[in-house]
Amino acid sequence: ATALGGRVPFGPGNTVDDIYADPHVHARGLLAEVEHPGLDRPVTIASTPIHMTATPGGVHTRAPLVGEHTDALLAGLALPPAEIVRLRSAGVIE
């Protein structure tokens with residue numbers, strides 16, 4: 001208790017409905033809509049809560065599916081395409 005000077009920080013507990021209805025959440029751009037494979041409409045996810053002038057951040061795309069970028073990442077590490085095929089055949093990567 002002494003570490004906090006005898007004070008306990010706290011805030012409201014919000015439901016999803018509270019968050020969607022909060023004008024501050026919308027004004028700050030704290031929710032982002034992204035496309036997701038297999039769904040016919042965008043999904044809403046939390047965006048970056050900290051906004052800086054020079055590096056504003058934010059959500060610009062969805063998270064990758066498991067293994068979605070494996071080939072590109074391995075190619076970026078200079079693995080030849082034949083080696084990537086071999087790793088996939090051996091079950092090392094999917």
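The values are calculated or read from the model by the stated rules, or taken from the named source; none is laboratory data. Please read these numbers as outputs of a predicted model, since none were measured by experiment. Every residue, glycine among them, receives a Cβ derived from its backbone with ideal geometry; neighbour counts consider all protein chains shown. These area figures cover heavy atoms from the full protein model, side chains too; ligands, DNA and RNA do not enter into them. Shrake-Rupley method; radii C 1.70, N 1.55, O 1.52, S 1.80 Å.
Within region 83-94, the set of residues being touching a residue at least 12 places away in the same chain (Cβ under 8 Å), open to solvent by less than 70 Å² (accessible area, probe 1.4 Å) and in a loop (DSSP other than H, G, I, E, B) comprises ILE93 only.
Restricting attention to region 5-22, and to residues there that are open to solvent by 100 Å² or more (accessible area, probe 1.4 Å) and in a helix (DSSP H, G or I), which single residue is nearest to SER47 (Cα to Cα)? Here the residue is TYR20.
Taking each residue of region 5-18 that is within 24 Å of LEU31 (Cβ to Cβ) and looking for partners that are exposed (fewer than 10 other Cβ atoms within 10 Å of the Cβ) with beta-carbon atoms closer than 9 Å, six or more apart or interchain, yields ASP18/PRO12. Of the numbered criteria (1) open to solvent by less than 50 Å² (accessible area, probe 1.4 Å); (2) modelled with pLDDT of 90 or more, the one PRO80 fails is (1). Within region 45-71, can you find the residues that are surrounded by 10 or more Cβ atoms within 10 Å (Cβ to Cβ), aliphatic (A, V, I, L, M) and out of contact with any Pro (no Cβ under 8 Å at 6 or more places or on another chain)? ILE45, ALA46, VAL59, ALA63, listed by residue number.
Residues that are open to solvent by 50 Å² or more (accessible area, probe 1.4 Å) and outside any loop (DSSP other than H, G, I, E, B) within region 32-43 comprise just one, GLU33.
Checked against (1) out of contact with any helix residue (DSSP H, G or I) (no Cβ under 9 Å at 6 or more places or on another chain); (2) open to solvent by 70 Å² or more (accessible area, probe 1.4 Å), GLY29 meets all criteria but (2).
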